[in-house]
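Colleague: First, the structure itself, so that you have it in front of you.
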Amino acid sequence: MHIPDGYLSPHTAVPFIGAMIPIWGVATKKVKATLKKKETPLIALGAAFSFVIMMFNVPIPGGSSGHAVGAVLLAILLGPWAACIAVSTALIIQALVFGDGGILAIGANCFNMGVAMPFFGYYVYKWIKGSAPGLSRRALWAAAIAGYLGINLAALFTSVEFGSQYHLFRAADGTPLYFMYPLKVAVSTMMTEHLLIAGPIEAVITALGLGFVAKSYPSLISEKDPVLPNNSPEVSING
């Protein structure tokens with residue numbers, strides 16, 4: 001899902017960078033206001049987690065790649081603003097140090113995977129889960145669905161961004177200046193891979209990750225998302 005350099009025109013890439021700067025500023029303020037000081041190191045841990053799982057790339061015909069992200073899981077555990085910082089940090093390091101994703105495309109990649117994905121997935125999770133406890137069957141299904149939909153939204157945004165370049169920027173003879181395939185090819189290729197492969201993987205990672213944290217470290221999410229019903233003496237996975 002990383003967009004490499006040369007696939008977005010400066011007219012597209014630079015505004016994304018400009019848009020992400022204030023978003024990062026707001027995210028920093030939100031995290032300082034809502035996250036306890038003892039929980040702050042978890043952002044670095046979340047960035048490392050996202051960094052590792054995003055390194056397992058599956059090349060997609062047309063120039064991008066498919067992989068899990070972990071953004072929705074981080075949003076559920078730490079909040080979407082903290083997830084934005086964690087995923088953006090991982091993406092920036094990947095671009096600058098490992099060449100995974102373009103430097104000029106950092107803004108677009110961070111928006112797709114660090115803003116659209118965690119925020120959309122977070123609210124999908126909250127809506128489906130409702131008042132169910134954090135380790136109930138309903139909550140785990142909500143996490144899986146949120147992870148699946150979140151990564152596919154990010155993939156859709158990504159494919160539209162670079163697929164549109166084919167139609168918007170051409171030389172005088174009609175040769176594409178940036179991305180070489182039309183929008184319908186970009187969208188169909190990206191979405192097929194993510195709907196069938198990357199999406200289910202993201203769903204499993206999100207549900208299993210939430211279940212592991214809720215069962216092993218319930219204090220990390222108990223205040224944001226109670227693990228147990230008020231009258232239940234023990235964890236139930238039956239909803």
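Colleague: Looking at (1) in a helix (DSSP H, G or I); (2) open to solvent by 50 Å² or more (accessible area, probe 1.4 Å); (3) among the aliphatic types (A, V, I, L, M), can you tell me which one A27 breaks?
Modeller: For A27, the exception is condition (2).
Colleague: While we're on this one: What single numbered condition from (1) among the charged types (D, E, K, R); (2) outside any loop (DSSP other than H, G, I, E, B); (3) touching a residue at least 24 places away in the same chain (Cβ under 8 Å) fails to hold for K32?
Modeller: With respect to (1) among the charged types (D, E, K, R); (2) outside any loop (DSSP other than H, G, I, E, B); (3) touching a residue at least 24 places away in the same chain (Cβ under 8 Å), K32 is out only on (3).
Colleague: Would you be able to say whether some residue in segment 55-62 is crowded, with 20+ Cβ neighbours inside 10 Å and at pLDDT 95 or above?
Modeller: no
Listed here are the residues, each with its yes/no results for (1) without any contact (Cβ under 8 Å) to a residue 60 or more places away in the chain; (2) more than 20 Å from the chain's Cα centre (by Cα); (3) within 17 Å of I3 (Cα to Cα).
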position	(1), (2), (3)
L140	no, no, no
A144	no, no, no
L156	yes, no, yes
G174	yes, yes, no
V185	no, yes, yes
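Colleague: Please name all residue pairs, on different chains or six or more residues apart, with Cβ atoms under 8 Å, provided the first residue is in segment 122-136 and is under 17 Å from A83 (Cβ atoms) and the second residue is open to solvent by 40 Å² or more (accessible area, probe 1.4 Å) and assigned to a helix (DSSP H, G or I).
Modeller: So the pair list comes out as V124/I145; V124/L149; Y125/I145; K129/R138; G134/P218.
Colleague: Among the residues of segment 135-154, are any over 16 Å from G209 (Cβ atoms), open to solvent by less than 10 Å² (accessible area, probe 1.4 Å), among the hydrophobic types (A, V, I, L, M, F, W, C) and modelled with pLDDT of 95 or more?
Modeller: Yes, segment 135-154 contains at least one residue that is over 16 Å from G209 (Cβ atoms), open to solvent by less than 10 Å² (accessible area, probe 1.4 Å), among the hydrophobic types (A, V, I, L, M, F, W, C) and modelled with pLDDT of 95 or more.
Colleague: Do the conditions hold for A146, that is, is it over 22 Å from G18 (Cβ atoms) and touching a strand residue (DSSP E or B) at 6+ places or on another chain (Cβ under 8 Å)?
Modeller: no
Colleague: Please enumerate the residues belonging to segment 96-113 that are free of Cβ contacts under 8 Å to residues at least 60 places away in the same chain and either among the β-branched types (V, I, T) or surrounded by 22 or more Cβ atoms within 10 Å (Cβ to Cβ) (or both). Working first, answer last.
Modeller: Restricting attention to segment 96-113, the residues satisfying the condition of being free of Cβ contacts under 8 Å to residues at least 60 places away in the same chain are 96-99.
Of everything in segment 96-113, just one residue is free of Cβ contacts under 8 Å to residues at least 60 places away in the same chain and either among the β-branched types (V, I, T) or surrounded by 22 or more Cβ atoms within 10 Å (Cβ to Cβ) (or both), namely V97.
Colleague: Among the residues of segment 155-168, count how many are within 13 Å of V115 (Cα to Cα) and open to solvent by less than 10 Å² (accessible area, probe 1.4 Å).
Modeller: Matching residues across segment 155-168 total 2.
Colleague: Of these, A214, A203, which one is open to solvent by less than 20 Å² (accessible area, probe 1.4 Å) and modelled with pLDDT of 95 or more?
Modeller: A203
Colleague: Do the conditions hold for I128, that is, is it over 26 Å from A13 (Cα atoms), touching a strand residue (DSSP E or B) at 6+ places or on another chain (Cβ under 8 Å) and open to solvent by 30 Å² or more (accessible area, probe 1.4 Å)?
Modeller: Taking the combined requirement at face value, the residue does not satisfy it.
Colleague: Next question. Identify, please: which residue in segment 70-94 is of a type in the set (G, A, S) and open to solvent by less than 10 Å² (accessible area, probe 1.4 Å) and is, among those, farthest from T28 (Cα to Cα)?
Modeller: G70
The values are calculated or read from the model by the stated rules, or taken from the named source; none is laboratory data. Note that the structure is predicted; figures quoted are calculated from it, not measured. Note: ideal-geometry Cβ built from the backbone for every residue, glycine included; neighbour counts use all protein chains shown. Quick note on the areas: whole protein, heavy atoms, side chains included, nothing else; ligands and nucleic acids left out. Shrake-Rupley method; radii C 1.70, N 1.55, O 1.52, S 1.80 Å.
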